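This report refers to the structure that appears directly beneath it.
The values are calculated or read from the model by the stated rules, or taken from the named source; none is laboratory data. Model, not experiment: these values are computed from the prediction. Glycine also receives a Cβ, built like all others from the backbone with ideal geometry; neighbour counts cover every protein chain displayed. Only protein heavy atoms, including side chains, enter the accessible area calculation; ligands, DNA and RNA are left aside. Shrake-Rupley method; radii C 1.70, N 1.55, O 1.52, S 1.80 Å.
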Amino acid sequence: MANYADFNLGLYFAGLQGDNPPPYPVTFAGLEAAAREKLEHRLFDYVVGGAGDEHTQRANVAAFERWGIVPRMLAGAAERDLSIKLFGHRLPTPLVMSPIGVIGVMTDDEHGDLATAAASAASGVPMVASTLMQDPLEDVAAALGDTPGFFQLYTPNDREIAESLVRRAETAGFSGLVVTLDTWTLGYRPRDLQHATFPQLRGYCLANYFTDPVFRSRLIAPPEEDLSAATMHWASIFGNPALSWEDLAWLRSLTDLPLLLKGICHPDDVRRARDGGVNGIYCSNHGGRQAATAPALELLPAVVEAADGMPVIFDSGPRSGPDIVKAIALGATAVGIGRPYGYGAAIGGQAGIEFVLSCLLAETDLTMGLNGYASVADLSRDALVRFG
């Protein structure tokens with residue numbers, strides 16, 4: 001079978017045809033620099049920024065640097081199998097694209113959600129589609145093709161709107177519901193505050209609300225006639241600070257789809273979620289954008305243990321193939337990436353996203369092969385060693 005690392009050979013062979021470098025940067029630093037040049041400065045700051053002094057963001061990345069991968073030689077890893085099982089689906093790799101609430105406006109045509117879905121269809125890497133889309137969720141789901149996608153819900157304080165969004169996602173064909181718990185209000189984000197701007201307050205990426213019949217029924221005039229009023233109503237219902245464990249039964253009742261809770265990082269919360277009928281845990285600190293100082297990777301092993309076999313998706317900090325391998329070895333079923341593919345979208349739309357995914361998967365594949373791990377199933381805590 002083909003290895004994802006064959007992508008590297010393609011770049012080398014292309015170079016034999018003359019001065020033919022890769023179309024996009026092959027490192028995270030290069031992607032970020034290219035996106036900085038491409039994106040409007042306030043949008044770039046929104047994407048790159050984090051909570052408080054952004055130490056949590058930096059700590060997310062540094063956490064991976066404290067682990068090394070133990071090499072095992074003569075292990076017969078010339079061919080690798082990166083596939084996993086997730087909620088009844090056989091996925092080609094453990095990679096997923098985490099939700100980005102402004103991906104819709106990060107591409108030149110401002111249809112970044114559709115570009116991400118198309119890249120998902122082409123690559124087989126699932127997309128976790130944000131509630132905050134520039135195109136309606138039905139259009140995004142249709143663009144996913146045969147690749148399963150997940151719908152991420154910011155639970156509004158209007159239950160009827162929440163129910164409408166979930167039912168639409170289910171009808172559209174999404175394969176699971178991811179409820180984000182750590183964003184019932186915005187974290188303290190100095191970059192955005194300094195600009196005194198927030199994309200959604202300007203009416204961006206609100207297509208799912210503006211096309212929702214229940215949301216529209218709450219308006220005096222439709223968004224096409226009074227965008228400002230519609231946006232202000234969205235702001236008034238966006239989060240639900242009163243959401244509690246007592247509401248889990250209601251959330252579970254909304255759909256028969258697999259239900260995941262995003263932002264769960266404590267073993268006791270994992271157990272409560274499991275007892276409440278949740279099907280999976282999404283361990284995440286929102287990429288360091290919400291609660292400053294909350295770690296992520298350090299908490300993953302205890303979350304996995306408490307999950308007791310229930311799938312655990314992890315994001316917050318992965319920037320490379322080795323990071324993906326380390327998260328799997330620490331127990332993650334699948335690993336979400338955010339900013340890397342977001343930067344790919346900014347500099348190249350669908351093609352840029354696919355290029356970034358190919359780079360990450362090639363490096364993941366090579367990291368496994370060169371260290372002697374032929375399959376994802378071979379990765380465990382024994383494959384890692386702490387530095388220092």
Any chymotrypsin sites (Phe, Trp or Tyr not before Pro) in segment 305-388 that lie in a DSSP loop and have at most 10 other Cβ atoms within 10 Å would be Phe387
Gain upon complete extension [Leu186, Phe87; 0.36 nm per residue less C-alpha separation]:
32.6 nm
With contacts defined as alpha carbon pairs under 8 Å and 6 or more residues apart, what's the relative contact order of the chain in percent?
27 percent
Would you please put 246-257, 273-284 in order of how densely packed they are, using the mean number of other Cβ atoms within 10 angstrom per residue and starting with the highest?
273-284, 246-257
Can you send over the carbon and sulfur percentage of the accessible area for the chain, probe radius 1.4 Å, protein chains only?
54 percent
With 5 Å bins from zero, work out the P(r) of segment 151-272 over every alpha carbon pair and list the percent per bin.
2, 9, 19, 21, 19, 15, 10, 4, 1, 0
State whether segment 220-363 is rounded, prolate or oblate according to the following rule on the C-alpha gyration tensor (a ≥ b ≥ c being the square roots of its eigenvalues): a/c under 1.5 gives rounded; otherwise a/b larger than b/c gives prolate, and the remaining case gives oblate.
oblate
If the viscosity is 0.890 mPa s and the temperature 25 °C, what Stokes-Einstein diffusion coefficient in µm²/s follows for segment 227-290 when Rh is the Kirkwood radius over Cα pairs?
180 µm²/s
Once label points are set 7 Å from the Cα along Cα→Cβ at both Phe387 and Ser228, what is their separation, rounded to one decimal in nm?
5.3 nm
Mean accessible area per residue over the chain (1.4 angstrom probe, all protein chains present, square angstrom) is 41 Å²
Rounded to whole angstrom, the alpha-carbon centroid of segment 224-242 lies from that of segment 319-359 at a distance of 32 Å
Taking only Cα atoms, what is the 0 to 90° angle, nearest 10, from helix 112-123's long axis to the longest principal axis of the chain?
30 degrees
Reachable lysines from Lys326, Cα under 30 Å, same-chain residues fewer than 8 places away excluded?
Lys85, Lys262
Here the FRET efficiency for Leu16 versus Glu110, based on Cβ atoms and R0 = 41 Å and rounded to 0.05, is 0.65
What net charge do the residues around Leu114 carry, taking every other residue with its C-beta under 9 Å from that of Leu114, with Lys and Arg at +1 and Asp and Glu at -1?
-4
At 7 Å along the Cα-to-beta-carbon direction for both Trp245 and Ala377, put a label point, then send me their distance in nm to one decimal.
3.6 nm
Where does each of 174-183, 137-146 land if you order them by average Cβ count within 10 Å, highest first?
174-183, 137-146
How much mean residue ellipticity at 222 nm does the chain get from its helices, if each DSSP H run of length 4 or more adds -39500 (n - 2.57) and you divide by all residues, to the nearest 500 deg cm²/dmol?
-12500 deg cm²/dmol
Net charge of neighbours whose Cβ lies under 14 Å from the Cβ of Ala306, counting Lys and Arg as +1 and Asp and Glu as -1:
-2
Sorted by chain and number, the residues with a modelled amide H under 5 Å from that of Leu153, at a separation of 5 or more or across chains, are Val178, Val179, Thr180
Largest fluctuation, Ala242, Ala377, Ala351 only, Gaussian network model of the chain with Cα springs under 10 angstrom, belongs to Ala242
What share of the DSSP beta bridges in the chain is antiparallel, in percent to the nearest 5?
20 percent
Given segment 310-380 reduced to its alpha-carbon atoms as identical point scatterers, what log10 I(q)/I(0) does the Debye formula return at q = 0.21 Å⁻¹?
-0.88
Springs between alpha-carbon pairs under 10 angstrom, Gaussian network model over the chain: which of Ser244, Ser236, Ser123 fluctuates most?
Ser244
Net charge contributed by nearby residues that have their C-beta within less than 11 Å of Gly317 (K/R +1, D/E -1):
0
List the residues, sorted by chain then number, that are 5 or more residues from Val96 or on another chain and whose placed amide H is less than 5 Å from its amide H.
Val335, Gly336, Ile337
Extended-chain gain in nm, criterion 0.36 nm per residue less alpha-carbon gap, Ala302 and Asp275:
8.0 nm
Between Thr293 and Arg42, what is the label-to-label distance in nm when each label sits 7 Å out along the Cα-to-Cβ direction?
3.2 nm
Give the value in nm², to one decimal: projected area of the alpha carbon convex hull of segment 75-208, averaged over all directions.
10.8 nm²
Rg/Rg_globular for segment 185-243, with Rg_globular taken as 2.2 N^0.38 Å and Rg from C-alpha atoms
1.22
